[in-house]
Amino acid sequence: MPVASISPASVPAAVNQGPAATLIYDDWYPALRTEKLHAGKLAKAMLLDTPLVLGRRNDGRVFAMRDSCPHRGIPLSVGWFDGEHVTCRYHGWEFEPCSGQCQLIPSLTAQDRLDATRIYATAFPCEERDGHAWVFIPSAGSGRKGENAELQQVPELLKFGPRYRTAHLMADLPCNVDHGIIGLMDPAHGPFVHQAWWWRSRASIREKIKKFEPILEGFRMSAHAPSGNSAPYRLLGVYGQPVETTIDFVLPNRRTEIIRCGDKWFSSLTTVTPVTSSSCRIDVIAAWNVFYRVPLVTPIAKFFGAKFVRQDQETMIQQAEGLRHNPSLMLIDDADKPAKWYFALKQARLDGTGKHPMAGPVELHWRS
């Protein structure tokens, strides 16, 4: 299915970014949308403080390389790509982009014994899923990841049938990935940040009780009836069947939400990706078959979805003004308990213990 994309305005250049975050390596991250990869063209991206150059080979496969020639360091993105090889514009070195293997050094003569194919530019595992070019960024010193390396499964949006519509939203955030993620899972900001007739208002605040359970490297908000004080959820009542939603968060940065109503469903995958150690980007990719035959439902959904993401983006821009002074912060129970779990899970990944902060199912209470 084709994916429609909407990008809220970029963060103004004058916004001062806050403190840096420790980054999680050895995992998959969405670098950019593959609609930006055109035949014979190179595209640039930044991921985890790593400059990348990406493209699509003639056989359709996407690739990602460090945007730096191993010879003298000039960005490969200023060179040429013929669909088979990336050529450095400084000395004409040619590289096979998926492996990074050097294929040609024009300056070598018959007298030279250097085997160009023993030289590699840095290439990263890169796969296309749901319109994203996902790139695996290894930790420093872990060695080159070959094409047959055993890696985690590439993330993919769940779908529950062959007929569905899709859309993509993104926004740049002037904060580190930690603040982006805990903002994503924060249940209490809705009536304030997202005040609107079509979503929520302060007058709609009510007590919520949600059950959570531990899952591998994450946690799940167990299946439950969605909030009755959110207009979009109430619309599903027209199907006359119980509505149930499940929300998962999994390291390093992924939130999935599945809404089921009989044979109708909505699925979303939201990622908060560190561009640098002090800035990040939020991407939302969604698929659904609810109101599949209703005219204009896709542009309407994209319009309101973009406004929703823009509200979060504006709040993060405002928050960045305070965070740049590195103030002391606090998290409270129960509304901030998922944020505490995230930090504990992240620390367990970083120190290699794998210890989960949840001993078992937990019931949390808050007002939102």
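The values are calculated or read from the model by the stated rules, or taken from the named source; none is laboratory data. Treat the numbers as computed from the prediction; the structure is a model and nothing was measured. Reconstructed Cβ throughout: ideal geometry from the backbone, glycine too, with neighbour counts over all protein chains shown.
Listed values, structure above:
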{"item": "Residue count, segment 318-348 (criterion: closer than 12 Å to H179 by Cβ, of a type in the set (A, V, I, L, M, F, W, C) and assigned to a helix (DSSP H, G or I))", "result": "4"}
{"item": "Lone unmet requirement of (1) touching a His at 6+ places or on another chain (Cβ under 7 Å); (2) among the aromatic types (F, W, Y); (3) under 25 Å from Q152 (Cα atoms) for F95", "result": "(3)"}
{"item": "Top-ranked residue of segment 172-208 - restricted to ones that are surrounded by fewer than 15 Cβ atoms within 10 Å (Cβ to Cβ) and either of a type in the set (A, V, I, L, M) or closer than 27 Å to T276 by Cβ (or both), ranked as modelled with the highest pLDDT", "result": "H189"}
{"item": "Filter result (more than 28 Å from the chain's Cα centre (by Cα) and hydroxyl-bearing (S, T, Y)) within segment 50-95", "result": "T87, Y90"}
{"item": "Strands (runs of 3 or more DSSP E) contained entirely in segment 91-168, each with at least 1 residues that are without any contact (Cβ under 8 Å) to a residue 60 or more places away in the chain and either over 23 Å from R255 (Cα atoms) or touching a Cys at 6+ places or on another chain (Cβ under 7 Å) (or both)", "result": "102-104"}
{"item": "Any chance Y120 is of a type in the set (F, W, Y), more than 22 Å from the chain's Cα centre (by Cα) and farther than 30 Å from A320 by Cα", "result": "yes"}
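Matching residues to (1) under 26 Å from R281 (Cα atoms); (2) among the hydrophobic types (A, V, I, L, M, F, W, C); (3) touching a Gly at 6+ places or on another chain (Cβ under 6 Å):
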| position | (1), (2), (3) |
| --- | --- |
| E94 | no, no, no |
| A110 | no, yes, no |
| R113 | no, no, no |
| A116 | no, yes, no |
| C126 | yes, yes, no |
| F160 | no, yes, no |
